[in-house]
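Below you'll find the structure, written out as structure tokens, and then a few comments.
The values are calculated or read from the model by the stated rules, or taken from the named source; none is laboratory data. Just so it is clear, the structure is predicted and the values come from calculations on it, not from any experiment. Quick reminder, even Gly has a Cβ in these numbers, built from the backbone with ideal geometry, and neighbours come from all protein chains shown. Accessible surface areas use protein heavy atoms only, side chains included; no ligands, DNA or RNA. Shrake-Rupley method; radii C 1.70, N 1.55, O 1.52, S 1.80 Å.
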Amino acid sequence: NAGVTQTPKFQVLKTGQSMTLQCAQDMNHNSMYWYRQDPGMGLRLIYYSASEGTTDKGEVPNGYNVSRLNKREFSLRLESAAPSQTSVYFCASSESRGGGYTFGSGTRLTVV
Amino acid sequence: ELKVEQNPLFLSMQEGKNYTIYCNYSTTSDRLYWYRQDPGKSLESLFVLLSNGAVKQEGRLMASLDTKARLSTLHITAAVHDLSATYFCAVDSGSARQLTFGSGTQLTVLP
């Protein structure tokens, strides 16, 4: 019963470096999401994928790209990391409208 | 653009007391979620409210939804220390099916 698995759990990057955050779900959910959480601001949607083969921008997409590799996997890429991208990143998945959302354990990213 | 406002943002309460957290949202939706988050942890689903007038209870927590008033409440009865956490409401909006979160209520229950 793994649910939503994110890797890595922690990462420190230097400004300008790139990296990819990985997310996989084993619940056969159609929709997947990437959120970032900053202190005092709740979670904000970066990108989402309503189904395999589709991706759309959320509230704060600048500086990020995503890939829905298959139904299970949804990755988030930072091409040139900036200190403003220091945050906790959560991946989530859901089956259908009205159903629940399952969140991963998060990735704590620090950009120095 | 959907906006979700929670209040209060910070709440300190004595054990045994009752209190209510409020969640207001700006556009029509009939799907609202409550989550709990402990420090350094992920989000734990508490309640899913899917229709006007929905009321759900689990232990000392009870959530309700009034879609006409665009308001959900999370009521805490006889608080205990283990309830200390941050509580988020989130609204499911539009055909694109996205969750929009409130800023969270940081609850501290004091002995």
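The table for this structure:
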item	result
A:LYS57 accessible area, assembled protein chains, probe 1.4 Å, Å²	130
Percent accessible area from carbon and sulfur atoms, the protein assembly as shown, protein chains only, probe 1.4 Å	49
Residue-normalised accessible area of region B:4-110, expressed per residue, 1.4 Å probe, Å²	47
Solvent-accessible area of B:GLU5 with every protein chain in place, 1.4 Å probe, in Å² to the nearest 10	120
Rounded Å value of the spacing that divides the Cα centres of region A:1-62 and region A:68-112	1
Chain B: Lys pairs at Cα distance under 25 angstrom, eight or more positions apart or on different chains	6
Exposure of A:THR102 as accessible area (Å², to 10), given a probe of 1.4 Å and all protein chains	50
Sequence of B:ASP92, B:ASP82, A:ASP26 when ordered by accessible area, the most exposed leading, probe 1.4 angstrom	B:ASP82, A:ASP26, B:ASP92
Debye, to nearest 20: dipole size of chain A, +1 on Lys, Arg Cβ, -1 on Asp, Glu Cβ	160
Buried solvent-accessible surface, both chains (A, B), 1.4 Å probe, Å² to nearest 100	1800
